[in-house]
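Contents: one structure, followed by commentary.
Read the figures in this text as sums done on the coordinates, not as results from a lab. Keep in mind that this is a model prediction, so the values were computed, not measured. Here Cβ is always computed from backbone atoms with ideal geometry, including for glycine, and neighbour counts include all displayed protein chains.
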Amino acid sequence: MNLLNGERLVLGTCYYPEHWKEELWREDLTRMLETGIEVIRIAEFAWSKIEPSEGVFTYEFFDRFLDVVEETEMKVIFCTPTATPPAWLTDKYPEVLNVSKEGVVYRHGQRRHYNYNAPVYRELCARITEKSAAHYGGRKCIIGWQIDNEINCEKDEFYSASDTTAFRTFLQDKYGTLEQLNEAWGTVFWNQTYTAWEEIYVPRPTYGDATNPHEVLDYMRFVSASARGFAKLQSDILRRYCKPGDFITTNGIFGNLDNHAMRAESLDFMTYDSYPNFAYVMDAYDEADTMKDRKWSRNLSEVRSISPIFGIMEQQSGANGWNTGMAAPTPRPGQITLWTMQSVAHGADFVSYFRWRTCTFGTEIYWHGILDYSGRDNRRIREIRQIHERLQKMQGISGSRYEAEVGVLCDYDNLWDARLDVWHRSVEEASKKALFQAMQHSHTPFDYVYLTKDRRAEELKKYKVLFYPHATMISEERAGLLKEYVADGGILVVGCRSGYKDMNGKCVMDHLPGLLAEVTGTDIPEYSFIAPDAGEVFVDWDGIKMRARVFADLLEPLSQDAKVEASYVSDYYAGSGALISNSYGKGKAYYYGSAFDEESAGIFLQKLGVARPYGEIVALPEACEIAVREKEGRKFMFILNYGKEAVTIELRREMTDLESGKRVSGKKELTGYGVMVLCME
Ligand code: GAL
């Protein structure tokens with residue numbers, strides 16, 4: 001069996017044979033298979049079971065387990081155990097440990113307590129990977145490998161001495177000379193000029209944590225490169241040993257990491273760990289948040305941008321909880337189904353539940369799996385059995401692709417710059433959230449589209465509208481790509497604060513929006529944060545009033561083809577341009593001088609004619625999400641109700657309900673947390 005080959009939707013679970021008495025193994029595996037679970041993921045924290053002391057390799061434990069597995073039909077995803085180096089290792093080689101910015105060493109006792117750059121850790125990881133792959137790689141039950149566990153989770157910053165050494169090498173490779181580095185980082189400011197590579201460190205504590213921003217940006221790129229290198233080290237070894245057809249993946253997705261590049265270099269596809277119940281963690285619960293668990297659709301869209309069809313390596317199946325925090329209720333009846341279908345709707349063809357049995361010891365005694373401590377049959381296993389039955393009727397969905405006419409452009413440079421730069425962050429966070437909510441509430445499916453190194457204008461063409469909310473940093477190549485997209489008939493919308501930084505994060509000495517001036521036909525002679533005493537600032541777009549948010553670029557058209565579409569009507573900005581459209585080739589670019597809120601984002605979707613693409617086919621209340629997956633002309637529509645209460649939906653065209661196999665139309669009730677999947681033919 002292979003996963004994600006477009007043939008079947010498959011369920012799995014995370015299993016820890018090392019946590020249970022061996023007598024339980026067979027019974028557990030049999031029960032899983034009876035539940036419809038066909039794949040287990042194992043061994044990601046089990047280094048000591050394979051190398052109990054340095055250089056001593058004992059394979060018997062997993063041999064015995066895999067023997068039992070092979071007496072059943074179960075399939076296995078085997079993991080490299082590098083997320084938890086054993087005590088003998090960290091004790092003998094303390095330089096492998098991660099260190100906080102303040103210099104505090106993260107000691108043994110939790111997990112992911114290592115750094116990617118200690119040469120000895122890389123050697124020991126390469127060795128355990130090679131030993132495991134060489135020994136277990138040929139087992140017929142193994143269908144794929146997971147590298148490490150949640151790369152960059154827990155902490156995505158690393159400040160050990162090995163990181164400083166590797167950072168210097170990274171910078172030497174990037175800049176060649178100190179002169180170039182000093183220039184790129186603007187070190188003449190505040191007398192930071194470096195005269196030797198040894199003077200450079202990973203960022204260290206500074207007053208107000210205000211370390212040179214260009215340095216911090218390169219540091220984030222360095223962390224990403226380190227994590228990618230660590231994954232590649234392992235995948236290169238795994239590739240040499242795994243059977244033809246076996247896949248390599250890892251479970252994400254986390255910060256300071258170019259997941260797209262990691263996927264391209266090291267993985268067959270990405271898997272994601274989906275825990276929508278975080279929305280209900282007691283002390284973080286926000287009643288006013290209209291998205292709650294629906295926010296995971298945003299994360300799933302991010303995963304889809306990495307792998308159009310992906311897997312869920314860990315899907316919520318019980319309460320969240322560590323004894324040190326994160327107390328959350330048990331998923332209500334129906335929620336496991338809803339969250340599983342949310343994953344499938346966005347492109348998951350494999351869903352593996354975390355975890356089979358709830359652990360009775362350790363930090364995660366409250367992080368519940370399918371079964372509780374006793375292991376008795378319960379409501380949750382019954383729900384998963386039902387999910388399996390439902391999925392059997394939807395197998396045609398596997399291999400189909402999520403459909404969207406709207407894209408939101410992203411890139412890692414801007415993502416990381418927004419993390420370190422509060423001006424940038426304030427607009428970025430507001431707009432990303434607003435666009436997501438507006439698209440959810442208006443039932444407008446969208447994709448995140450990353451401007452990766454190899455992105456071609458051709459691939460952007462399928463989107464009628466692309467938002468690039470705040471293209472703060474822009475390169476010639478990316479500006480060129482946008483021009484091509486628009487010239488070829490695309491509609492591009494950029495928001496305020498675009499084009500004012502180069503790729504080092506330095507501001508350009510140019511008329512803004514710099515490299516985006518040509519395609520947007522816009523000039524920005526003046527700009528400001530919306531002052532705290534300004535009250536509400538409005539923009540008038542053909543009589544429709546929208547609220548400007550966070551920032552106001554005051555705009556003027558640059559050419560004949562550029563037209564002021566909307567103007568500010570408040571404060572001293574009144575009368576200044578707030579939105580310019582520019583006809584460019586066969587398409588049009590819009591420059592909006594502010595950040596988006598949900599309302600203005602919704603107005604853009606409406607005005608540009610991309611809101612509610614399925615409005616003629618189905619009428620839905622706001623509580624529902626819509627997603628459509630397509631394969632060879634067949635379209636599958638998912639309707640997901642995130643509310644506790646039943647809702648009425650209206651099918652305005654006859655479609656086939658995949659579960660009943662019946663043709664359905666007209667008004668239908670969808671229960672609280674209900675999901676309906678329809679074949680649109
Ligand atoms: C994930 C992790 C699992 C488990 C789970 C619940 O982040 O991969 O090992 O810890 O969360 O906390």
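Note on the chain: antiparallel DSSP beta bridges, both residues inside, total approximately 55 percent of the bridges counted.
Over 20 Å between Cα atoms, which of 453/607; 232/453; 174/506; 563/607; 75/155; 295/588 qualify? Could the numbers behind the result be given before it?
Details: 453/607 32 Å; 232/453 18 Å; 174/506 17 Å; 563/607 16 Å; 75/155 32 Å; 295/588 31 Å.
Pairs exceeding the cut-off: 453/607; 75/155; 295/588.
When the trypsin sites (Lys or Arg not before Pro) in the stretch 1-103 are filtered for DSSP coil states and for at most 15 other beta-carbon atoms within 10 Å of their beta-carbon, the remaining sites are 21, 101. Under the combined filter of DSSP loop state and at most 10 neighbouring Cβ atoms within 10 Å, the stretch 544-636 retains these trypsin sites (Lys or Arg not before Pro): 586.
Once backbone amide H atoms are built at 1.01 Å from N, residue 4 has no partners under 5 Å, excluding neighbours fewer than 5 places away on the same chain. Taking the Kirkwood radius as Rh and the Cα radius of gyration as Rg, the chain has a ratio of Rg/Rh equal to 0.98.
In summary, the convex hull built on the alpha carbon positions of the stretch 189-234 has an orientation-averaged projected area of 4.2 nm².
Each pair of Cα atoms in the stretch 343-406 enters the Kirkwood radius, and Stokes-Einstein at 25 °C and 0.890 mPa s then converts it into a translational diffusion coefficient of 175 µm²/s. Counting every C-alpha pair in the stretch 618-679, the share spaced more than 18 angstrom apart comes to 29%. Backbone geometry of the stretch 227-239 corresponds, through the Karplus equation with coefficients 6.51, -1.76 and 1.60 at θ = phi - 60°, to 3J(HN,Hα) couplings of 5, 5, x, 5, 5, 5, 3, 6, 5, 4, 6, 4, 4 Hz, x marking Gly and Pro.
Across all directions, the average projected area of the convex hull around the alpha carbons of the stretch 147-233 is 6.2 nm². Hydrodynamic analysis of the stretch 13-116 uses the Kirkwood radius over alpha carbon pairs. Inserted into Stokes-Einstein at 37 °C and 0.692 mPa s, it gives a translational diffusion coefficient of 214 µm²/s. For the stretch 1-61, the set of chymotrypsin sites (Phe, Trp or Tyr not before Pro) satisfying both a DSSP loop assignment and a count of at most 16 other C-beta atoms within 10 Å is given as 57, 59.
Near the amide H of residue 643, within less than 5 Å, lie the amide hydrogens of 673, all on another chain or at least 5 residues away, with H placed in the peptide plane. Computed over Cα pairs, the Kirkwood radius of the stretch 406-607 leads via Stokes-Einstein (0.692 mPa s, 37 °C) to a diffusion coefficient of 199 µm² per second. The three principal axes of the C-alpha atoms in the stretch 524-566 carry coordinate ranges of 36, 25, 10 Å, sorted with the longest axis first.
Applied to the stretch 411-421, the Karplus parametrisation 6.51 cos²θ - 1.76 cosθ + 1.60 on θ = phi - 60° returns per-residue 3J(HN,Hα) values of 8, 5, 4, 5, 4, 6, 4, 5, 6, 9, 10 Hz, with x for Gly and Pro. The 3J(HN,Hα) values that the Karplus relation (6.51, -1.76, 1.60; θ = phi - 60°) gives for the stretch 347-356 are, in residue order, x, 7, 9, 9, 10, 10, 7, 9, 10, 5 Hz. Gly and Pro appear as x.
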